Ligand SMILES: Cc1ncc(COP(=O)(O)O)c(C=O)c1O
């Protein structure tokens with residue numbers, strides 16, 4: 001199989017990740033607890049080490065302010081619903097995944113908040129000036145994805161962070177497609193809340209993810225319960241990470257995530273994006289006639305604006321094939337795994353003009369090779385009758 005659906009989840013996962021996860025779980029997979037027995041303390045120490053590794057990766061000065069969640073969706077919901085209050089205004093964009101759009105849309109529909117959805121330009125980027133123009137005294141949150149899962153473009157987060165900070169609002173960044181791929185520094189880029197998933201670029205298992213919570217963010221917990229420490233308090237403790245981490249954490253998953261993050265730190269996050277771009281370029285370069293396909297974002301594979309680039313994914317369509325049909329042919333006849341449709345981002349496809357059928361998305365990862373991409377290009381050529 002040629003697996004080109006890494007934007008959904010990275011696959012295959014590194015052997016090291018499985019080995020370390022299994023070794024930890026077999027040796028000491030207890031329920032972490034501060035005043036518990038040795039095995040419980042080992043689990044707690046493993047989780048804390050994972051926080052420290054993530055803190056290094058994200059430039060976060062206080063590891064305890066990284067809280068674990070089920071995935072990016074969970075982390076985004078914790079942030080959005082924990083931060084916004086009745087009467088607030090929020091800003092988002094057309095490039096968002098439903099894990100930002102839906103919670104915000106519901107709050108707006110219920111009359112709790114007002115919402116501004118910014119357009120993207122022809123370069124599939126949100127213009128920081130649009131953010132600046134849209135902030136009002138009631139704006140509490142600006143919620144944007146760092147790298148679109150439809151166009152692949154990396155947003156000018158640092159510029160937006162500066163503007164949002166100057167105006168006293170909070171910046172929530174969805175790093176589902178960028179964590180482990182794009183160098184991130186929450187302090188430098190003035191990111192108040194960073195939601196990440198563990199099972200894509202961080203190479204961990206599904207069911208992992210989390211939220212980096214900056215000092216400026218006042219966030220109310222919605223999941224309240226046991227924290228494994230002092231049980232006498234009648235309400236959820238306010239100290240991090242317990243404030244937002246009620247219940248038994250995903251110890252197995254976090255043990256795997258720890259190894260995934262180690263792998264990224266060892267190889268250096270700076271090296272991931274060049275690899276992905278190289279892989280996409282090998283595909284493009286191997287096609288006999290790229291002009292037979294419609295390209296979404298890939299027409300600007302090389303284009304950069306203000307030093308910002310794109311992650312390793314492209315959208316493609318072929319005349320005569322619905323995206324779902326093309327994906328099915330690639331799967332059934334060529335054993336190539338891609339994702340067709342709207343990719344949980346309907347507004348992004350409206351922006352591209354590909355709503356409601358969407359595109360066929362090829363998304364690459366660390367394990368993809370130029371050789372595989374040549375084979376994939378040959379399959380695309382054959383389907384297109386080149
Ligand atoms: C941009 C973006 N945000 C959020 C998510 C949600 O991630 P998860 O499925 O880990 O919750 C995805 C998943 O594809 C995504 O691409």
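Read-outs: derived from the displayed coordinates by stated rules, not from any lab. What you see is a predicted model, and the numbers here were worked out from it, not measured in a lab. Methodologically, a virtual Cβ is constructed for each residue, glycine included, from the backbone with ideal geometry; neighbour enumeration extends over all protein chains shown.
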Using a 7 Å offset from Cα along Cα-Cβ at residue 288, what residues in region 353-386 end up with backbone N under 15 Å from the label point? 375-386
Using the Kirkwood formula on alpha carbons, the hydrodynamic radius of the chain in angstrom works out to 21.5
Once the Cα atoms of helix 72-83 and of the chain are each reduced to a long axis, what angle between those two axes, in degrees from 0 to 90 to the nearest 10, is obtained? 50
Using a basic spin-label model with each label point 7 Å from the Cα along Cα→Cβ, how many nm lie between residue 218 and residue 109? 2.9
Expressed as a whole-number percentage, the relative contact order of region 96-251 with C-alpha contacts under 8 angstrom and at least six residues apart is 14
Relative contact order for the chain: what is it in percent, counting Cα pairs under 8 Å that are at least 6 residues apart? 23
Sort 344, 60 so that the residue with the fewest other Cβ atoms within 10 Å of its own Cβ comes first and the one with the most comes last. 344, 60
Using alpha-carbon pairs under 8 Å, 6+ residues apart, how would you state the relative contact order of region 9-88 in percent? 13
Asserting the computed 222 nm helical MRE of the chain (DSSP H runs at least 4 long, -39500 (n - 2.57) per run, divided by residue count, to nearest 500) equals -11500 deg cm²/dmol
Who wins for biggest fluctuation among 90, 169, 286 in a Gaussian network model of the chain, springs between alpha carbons below 10 Å? 286
Given a Förster radius of 35 Å and the C-beta distance between residue 265 and residue 102 as r, what FRET efficiency does 1/(1 + (r/R0)^6) yield to the nearest 0.05? 0.60
Go through 106-113, 366-373 and give me the packing order, highest mean Cβ count within 10 Å leading. 366-373, 106-113
Mean-square fluctuation check for the chain, GNM, Cα pairs under 10 Å: which of 337, 27, 40 is largest? 27
Descending packing, highest mean Cβ count within 10 Å first, for 205-212, 249-256, 235-242 is 205-212, 249-256, 235-242
Percent antiparallel among DSSP beta bridges confined to the chain, nearest 5, equals 55
Tilt, helix 251-267 to longest principal axis of the chain (alpha-carbon atoms), in degrees rounded to tens, equals 60
Quick check: the angle from helix 157-166's long axis to the longest principal axis of the chain, C-alpha only, nearest 10 degrees? 40
